[in-house]
Amino acid sequence: CLRSGCRAMMCDVSYTFTKDNIRRNQFTNLRDCVSNVVGSNEATSLDKKAILHSLNKHEFEQIVEDFIDIRSDLPGPSLGVLSDLSWEQIVEILMNLKCAWGVIYYNSKLRKVFIGRDVFGRQSVLFSSDASSITISYLGRPTTENWHELPYAQVSVIDASDIFSTLCLCSYLHDYPDDMDQVWRSLFTTVHRQINKSKENMITVSRSISPIGTSNKLKDHLISAIRMLIPPSVSSVGVCFSGGVDSLLISHLVLSISPSSFPIYLINVAFGDDESFISRASDRARSIAAYSYLRDQFPLHDLHLILVNVTRSSLQSARSILIPLSTRPSSTVLDESIASVLHFAFQGTGIDFDTKKEIRCTSPIRLMGSGADELFAGYARHRHRYERDGYSSGIAEECEVELRRLGVRNGGRDARVALVNGIEIKSPFLHDDLVEWANGLSMEDKADLSLPRGIGEKKIIRECLHSLNAPHQSPKQAMQFGSGMVKMENGRNQKGSYLSTHLEI
């Protein structure tokens, strides 16, 4: 029974289901395989062949009986709890799990396999298949398989006696963006879809236009989410820190509830070939200004700003094999650019802003501001909808679409990059309780898009920061642009939807 906290083991395991048995495949640890390449020169084709050969070697295969391999923000069910239940009861328990979760579970009494992901797909679960088997993995081992994302927002139930016969797909969604569940469904002769409405309030946005003023309640919900998401066993925490309003508010609240001796690392990533280039990245200047504010507010806290400076050669080295292995099957230019920023943030090695010495964040936790733009109308397309339609239900519809697409756009890819680096992502804005509360607010409580950029979008977050006398007028900027990654690549003049040549293995 593998539970949250066993990350190093889980990312190197896959499960193969056939009509005869279930095999647990243990692989050599991925980071050990590439340790001689990452941080040195770009991998040669010979290096890659040797590494991929090592990656695909089983350390051992084991026939398994009952097991549950679950990764979740909060404690999940044990084998003992599930073993004597009906398959319908098991599905109900799994689909009522809160926050981020991914599960692979086999019940030998029922001869049923249960595989699923949470409503926003915040954990990675992949599948591959051949004529006689289905293999499930959190990361995608071996690399020779043709991996696909398992549909998010659902639990799939498969008959282990005849794995390709019938799929019962119990989903929170009536349909999927871009028909992304089609490949999974096509494996089975018969598909039964059941709709589960237990998370309906997380994917349905209120059309109300009557503001009630709620910025203080946002702080309360965020503090509650942070307390629940940071395990009591950790001795420090890292924050992916652009200096924008989302990461600044999270950092302030973490500091406000933590003992002064609890180390907090604010990790800022910037790309460039020299110090002058790196210093011009907008996120770098923003992070230093935000850190200066936090240092003034919390002078006694063990607080560090880590400046991660990524040169072209460092990027090429990581992008030669480690980043492609962690992003696949995600394969676009946008996937590559975001994964590159996250990879170095999760590594957490850079220069301490105060001491100018090298420092590394050793915490297994990275807090991120994911979800704030979807909840509080932070994207340019929300403003475009306002300019076209005014304060109609259109902006709420856009937010709803964004929430329902999170599992396609973000979660699985980011979770895999974290897995490779031994990191757990925690996203307070996407805590179930906060999302349900935010979705019930009027749009005018969340944003005022009649105001300029940097003021009107995510108004509720800016009001929180204003009440704390914190910087709160920085405009939204995607991490690949704010970090200077795209600029270092000479703009690359490629659409984000194009396939990336750098993610080919």
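The values are calculated or read from the model by the stated rules, or taken from the named source; none is laboratory data. Since the model is a prediction, treat every value here as computed from it, not as a measurement. Reconstructed Cβ throughout: ideal geometry from the backbone, glycine too, with neighbour counts over all protein chains shown. For accessibility, only protein heavy atoms count, side chains too; no ligands or nucleic acids. Shrake-Rupley method; radii C 1.70, N 1.55, O 1.52, S 1.80 Å.
Quick notes on this one:
- Computed lengthening from residue 63 to residue 144, 0.36 nm per intervening residue step minus Cα-Cα distance: 27.0 nm
- Relative contact order (percent, whole number), the chain, Cα cutoff 8 Å, 6+ residue spacing: 18 percent
- The phi torsions of region 71-83, fed into the Karplus equation with coefficients 6.51, -1.76 and 1.60 and a -60° offset, translate into couplings of 10, 8, 4, 10, x, x, x, 9, 4, x, 5, 8, 4 Hz, rounded to whole numbers, with Gly and Pro shown as x.
- The residues of region 135-241 have, on average, 42 Å² of accessible surface per residue, using a 1.4 Å probe with all protein chains present.
- On the basis of the beta-carbon distance and an R0 of 25 Å, residue 207 and residue 453 show a calculated FRET efficiency of 0.55.
- The length gained by stretching the chain between residue 296 and residue 88 to full extension, at 0.36 nm per residue less their Cα-Cα distance, is 69.5 nm.
- Solvent-accessible area assigned to carbon and sulfur over region 68-203 amounts to 48 percent, based on a 1.4 Å probe.
- Solvent-accessible area per residue, Å², over region 425-476 with all protein chains present [probe radius 1.4 Å]: 33 Å²
- Beta bridge orientation in the chain: antiparallel %, DSSP, nearest 5: 65 percent
- Virtual spin-label span in nm between residue 389 and residue 215, 7 Å along Cα→Cβ: 2.7 nm
- Residue 74-residue 274 FRET efficiency (beta carbon distance; Förster radius 41 Å; 0.05 resolution): 0.35
- Carbon plus sulfur fraction of accessible area for region 298-372, probe 1.4 Å, in percent: 56 percent
- Between residue 473 and residue 200, the simple label model (points 7 Å from Cα in the Cβ direction) yields a spacing of 4.4 nm.
- One decimal place: the segment residue 191-residue 357 gains 54.0 nm when fully extended, by the rule 0.36 nm per residue minus the C-alpha distance.
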